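**Q** Quick one: structure below, then a few questions.
The values are calculated or read from the model by the stated rules, or taken from the named source; none is laboratory data. Remember, it's a predicted structure, so these values are computed and weren't measured experimentally. We place every Cβ from the backbone using ideal geometry, glycine too, and count neighbours over all the protein chains shown. For the accessible areas, the whole protein counts, side chains as well, though only heavy atoms, and no ligand, DNA or RNA atoms are used. Shrake-Rupley method; radii C 1.70, N 1.55, O 1.52, S 1.80 Å.
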Amino acid sequence: IYMLAHFLHAVQRLVNLPRVGVIGTLGTVGSGIHEAYLKQLDPEITVIGKACPLFVPLVEEGWLHDPVTTEIVSRYLQELKDKEIDTLILGCTHYPLIRSTIREVMGEGVRLVNPAYETALQLKALLAEMDISSSGTGEEDFPYRFYVSDLADEFKDFANSILPYDVSMAKKIDIEKY
């Protein structure tokens, strides 16, 4: 499932989008991909990108509701507030985890768009259509395996802070072998 396609689907459902902000990593914002999609939708739309590279380590540290996070979010997003955007696209999978802080900083008048949510909805529909979705009621051993390229213990701690079940194992692998 291509995440940007579902981002476009989410944005199409919103009306009156004259000023859209896009936040993401340096690479995401620098690629201009969101702006290109939005310009296909409406060539007159104003798209303002803002790289927010410190959001990822804040999330990974688990500082989801920390005053430091609020300060950094405020600093990064002030430019978008000054430009009076009406919609803000969360262009990184980490960013929805600090959505409440972003909402607090941007205010209720700015729509937040989470492409990951749209992708999850489409994946659920696809799995159901293919009749391979799980009911989540199986009595089997823990069905999830987590393999990471670095920092397995940190990943396990982070996963336990955001997932609704206990992650008891994450295994570091040598990515060069794959």
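**Q** Just give me the residues in region 112-130 being touching a residue at least 12 places away in the same chain (Cβ under 8 Å) and of a type in the set (Lys, Arg), in sequence order.
**A** Across region 112-130, there are no qualifying residues.
**Q** If you don't mind, another one. For region 66-85, indicate whether the set of residues that are under 15 Å from the mean Cα position of the chain (by Cα) and among the small types (Gly, Ala, Ser) is non-empty.
**A** Within region 66-85, not a single residue is under 15 Å from the mean Cα position of the chain (by Cα) and among the small types (Gly, Ala, Ser).
**Q** So in region 50-59, with the set limited to residues that are more than 13 Å from the chain's Cα centre (by Cα) and crowded, with 16+ Cβ neighbours inside 10 Å, which one is farthest from LEU26 (Cα to Cα)?
**A** Within region 50-59, the match that is farthest from LEU26 (Cα to Cα) is LEU58.
**Q** A further question follows. Which of the residues belonging to region 150-178 are in a loop (DSSP other than H, G, I, E, B), open to solvent by less than 70 Å² (accessible area, probe 1.4 Å) and either touching a helix residue (DSSP H, G or I) at 6+ places or on another chain (Cβ under 7 Å) or modelled with pLDDT of 85 or more (or both)?
**A** Scanning region 150-178 gives VAL167, ALA170, ILE173.
**Q** Does VAL22 qualify as being under 27 Å from SER161 (Cβ atoms), β-branched (Val, Ile, Thr), at pLDDT 85 or above and assigned to a helix (DSSP H, G or I)?
**A** Working: under 27 Å from SER161 (Cβ atoms): yes; β-branched (Val, Ile, Thr): yes; at pLDDT 85 or above: yes; assigned to a helix (DSSP H, G or I): no.
The answer is no for VAL22.
**Q** Filter region 83-101 for residues that are among the hydroxyl-bearing types (Ser, Thr, Tyr) and modelled with pLDDT of 90 or more and give the result.
**A** Across region 83-101, the qualifying residues are THR87, TYR95, SER100, THR101.
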